[in-house]
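Below you'll find the structure, written out as structure tokens, and then a few comments.
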Amino acid sequence: MPTYKRPVSVLVVIHSPDLQILLLERASHPGYWQSVTGSQEGEESLADTARREVGEETGLDCDAFRLLDWHQTQTFEIFQEWRHRYAPGVTHNQEHVFSLELPAPQPVRLAPREHLAYRWVPWQQAATEVFSWTNRDAIQALGEGFRPT
């Protein structure tokens, strides 16, 4: 029996205090920029999913910084090209938003099978360059003064 991805994921917006946003370019889609994302695995908590994905995709240790759960969930339709990763009939994903503030932009270690490049850009630019509307909305919320507690 195939192992399918769970339609539950996290979005982690990594930023500096002055709202420079870390963007990652998808290896499977050059030109598609995004924050850290990934699906929940097994029985891990959403916070553990966020920590694992940040570590896998950037090499950053969330325990060295402040990972914040926004307690916000977005539901979106899974792109047709990725639906084969999910059980038959699954068409939507629930995404839980987190953020991670670093003291300043810094180099990251990419997972080469997932990402081609990274860059730090001002939040206004980041919001226009990400391909996902959920990612855009989270970046805009930060830029407009939203601060999770």
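The values are calculated or read from the model by the stated rules, or taken from the named source; none is laboratory data. Computed from a predicted model, the values in this text were never measured in an experiment. Quick reminder, even Gly has a Cβ in these numbers, built from the backbone with ideal geometry, and neighbours come from all protein chains shown. These accessible areas exclude ligands, DNA and RNA; they are computed on the full protein's heavy atoms, side chains included. Shrake-Rupley method; radii C 1.70, N 1.55, O 1.52, S 1.80 Å.
Figures for the structure shown
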quantity: Cut-off of 10 Å, at most 10 other beta carbons, DSSP loop: longest stretch of the chain lacking such GluC sites (Glu not before Pro); calculated: 44-143
quantity: Folded to 0 to 90 degrees: helix 46-58 orientation relative to the chain principal axis, Cα; calculated: 70 degrees
quantity: Long-range amide H partners of TYR32 with built H, under 5 Å; calculated: ARG26
quantity: Mean projected area (nm²) of the alpha-carbon convex hull when the stretch 61-149 is viewed from all directions; calculated: 7.3 nm²
quantity: Most mobile listed residue (ALA87, ALA27, ALA111) in the chain, GNM with C-alpha springs under 10 Å; calculated: ALA87
quantity: Ranked order, LEU142, LEU110 - accessible area, probe 1.4 Å, largest first; calculated: LEU110, LEU142
quantity: Vicinal HN-Hα couplings computed from phi for the stretch 25-30 (Karplus, 6.51 cos²θ - 1.76 cosθ + 1.60; Hz; Gly/Pro x); calculated: 8, 5, 5, 6, 9, x
quantity: Heavy atoms of ARG6 accessible to a 1.4 Å probe, total area in Å² rounded to 10; calculated: 90 Å²
quantity: Among ARG136, ARG119, ARG85: highest mean-square fluctuation, GNM of the chain, C-alpha pairs under 10 Å; calculated: ARG85
quantity: Range of Cα positions in the stretch 1-114 per principal axis (Å), largest first; calculated: 43, 30, 23
